[in-house]
Amino acid sequence: MAALLIAVIYLAFISLGLPDSLLGSAWPSMRIVFDVPSSFAGYVSMTICLMTIISSLISPTLIKKIQTKWIVIFSILLTIIGLLGFSFSSKYWMLFIFAIPYGLGAGSIDAALNHYVALNYSSRVMNFLHCFYGIGAVISPNIMSIALRYAHWNQGYRWTAYIQIGILLICILSIPLWKMNEKKDVEIQKETKGIFSTLKIPAVILTLIAFFSYCAGEATCFLWTSTYFKNRFDYLGEDIIAACGSLIFLGLMLGRLLSGIFANKLNDRNLIRIGIGIELIGIILISINIDNYILPIIGFIVIGLGMGPIYPSIQHMAPINFGHEYAASVIGLQMASAYLGSTFMPTVFGLIEERTGYYMMPIYLGIFLILNISLLEISYLINKQRKIGK
């Protein structure tokens, strides 16, 4: 029964990853249909992320009042509505309407499952959980690539929605499995502290800014990798360019798979440090200016490989660093901060890239990499001093 529940949780995280990479891989074709500039992808992405921020901020309240299984089911339903809405959109403005359920569905399920796994399972399970997010995010650009080759971009959204419907039905059937951790979850729900008291804890703000920085770089890769290949190697076909949108997700999936394997030997903090080093190598690879698309393909996979352990490791450390009673609020705030970075910084990069060129991408990613590791290291020191002082 325990293994079945973990399998369902992993499947739910596949559903979380499926919608995230569609816009970036489809946008080079979508912008032509809607007759809008390349940077307009950022406004749609920003709307999705704003909705996700709202969903993440209310997640501590939802976690306190509603069981995780119901949050998961309702969230997947919202993303299905968003995906189907995108698939039927014939005007650019229509995307903003369906971006609302698209985004609201992501925040709460992300925070709720991260909180549930952080409290009930090991770092290995957490890293494998986010590996399955990568599986979902790798699958969908390839679905879009097939749709662009044999049909139309809107079919890519529709086919992904059908997969989500299948996952939703499995999650509904799995409702009895969640009873095994129900007693412990109810006890923790009673102890959960609010957001405002959580923000008073030293190092929380630094962790939030670090998470913002990480997701700013990650989301920039999500949205602009396909466009990067389009601008740098314009001789590539649309289907190949769309498939390149999955490179970062392939790296993320591999990074989290390897992190899960070694999580019991390397603690969360060391996994993050190793990941940062690998990510830096990937950034250097995409910055090498040669007329061969193989090197940047390897570079984006390596960037994703390095990013792999960072997100799940920060989330898994929340109960350890700040206590079980603050974990739900810390994770909810981290999610909101993460999506804040995902909301604005890819749009900022789009505006910069229009005026400068694709070569700014490694510089942009490098700035956020430095911010991420610096602030995390400072927060570790503050937390250590806080614990000694108790």
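Of interest is the spacing of the C-alpha centroids, which for region 291-337 and region 127-162 amounts to 21 Å. A simple charge model with +1 on the Cβ of Lys and Arg, -1 on the Cβ of Asp and Glu and nothing else charged puts the dipole of region 268-387 at about 460 debye relative to its Cα centre.
Would you compute, from DSSP H runs of 4+ residues alone, the mean residue ellipticity of the chain at 222 nm, taking -39500 (n - 2.57) per run and dividing by the full residue count, rounded to the nearest 500?
One gets -28000 deg cm²/dmol as the mean residue ellipticity at 222 nm.
In the distance distribution for region 62-141, Cα-Cα pairs more than 15 Å apart total 64 percent. For helix 204-232, report the angle its Cα long axis makes with the longest principal axis of the Cα atoms of the chain; keep it between 0 and 90° and round to the nearest 10°. Around 20 degrees separate the two axes. Rounded to the nearest 20, the Cβ-based charge dipole of the chain about its Cα centre (Lys and Arg +1, Asp and Glu -1) stands at 1100 debye.
By accessible area, using a 1.4 Å probe on protein heavy atoms only, the chain has 70% of its surface on carbon and sulfur. Per residue, the solvent-accessible area of region 214-294 (1.4 Å probe, heavy atoms of protein chains only, all protein chains present) comes to 40 Å².
For the chain, the longest principal axis of the alpha carbon atoms and the long axis of helix 360-389 meet at an angle near 0°. Working from Cα positions, state the angle (0 to 90°, nearest 10) between the long axis of helix 123-150 and the longest principal axis of the chain. Its long axis makes an angle of about 20 degrees.
Stretching the chain fully between TYR150 and TYR43 yields a gain of 35.7 nm (0.36 nm per residue, less the alpha carbon separation). In terms of accessible area, using a 1.4 Å probe and ignoring ligands and nucleic acids, TRP153, TRP159, TRP93 rank largest first as TRP93, TRP159, TRP153. A protection proxy built from the mean count of other Cβ atoms within 10 Å ranks the segments 29-36, 18-25, most packed first, as 18-25, 29-36.
With the simple spin-label model, which puts each label point 7 Å out from Cα in the Cβ direction, the TRP70 to ASN267 separation comes to 3.8 nm. Quick check: from the Cα gyration tensor, does region 211-288 come out rounded (a/c under 1.5), prolate or oblate? Judged from the Cα gyration tensor, region 211-288 comes out prolate (a/c at least 1.5, a/b above b/c).
Between (i) -0.37, -0.59, -0.72; (ii) -0.42, -0.67, -0.82; (iii) -0.68, -0.86, -0.93, which entry matches log10 I(q)/I(0) by the Debye sum over Cα atoms at q = 0.08, 0.10, 0.11 Å⁻¹ as derived from the coordinates of this structure? Correct label is (i).
Pairs from the list LYS65/LYS179; LYS265/LYS384; LYS69/LYS265; LYS69/LYS384; LYS179/LYS265 with a Cα-Cα gap above 23 Å: LYS69/LYS265; LYS69/LYS384; LYS179/LYS265.
Is the shape of region 301-348 best called rounded, prolate or oblate, per the rule: a/c under 1.5 gives rounded, else a/b larger than b/c gives prolate, else oblate, with a ≥ b ≥ c the square roots of the Cα gyration tensor eigenvalues? Oblate, since a/c reaches 1.5 and b/c is not below a/b.
The values are calculated or read from the model by the stated rules, or taken from the named source; none is laboratory data. Given the structure is predicted, the values throughout are model-derived calculations rather than measurements. Neighbour counts are summed over all protein chains in view; Cβ atoms, including those assigned to glycine, are modelled from backbone coordinates with ideal geometry. These accessible areas exclude ligands, DNA and RNA; they are computed on the full protein's heavy atoms, side chains included. Shrake-Rupley method; radii C 1.70, N 1.55, O 1.52, S 1.80 Å.
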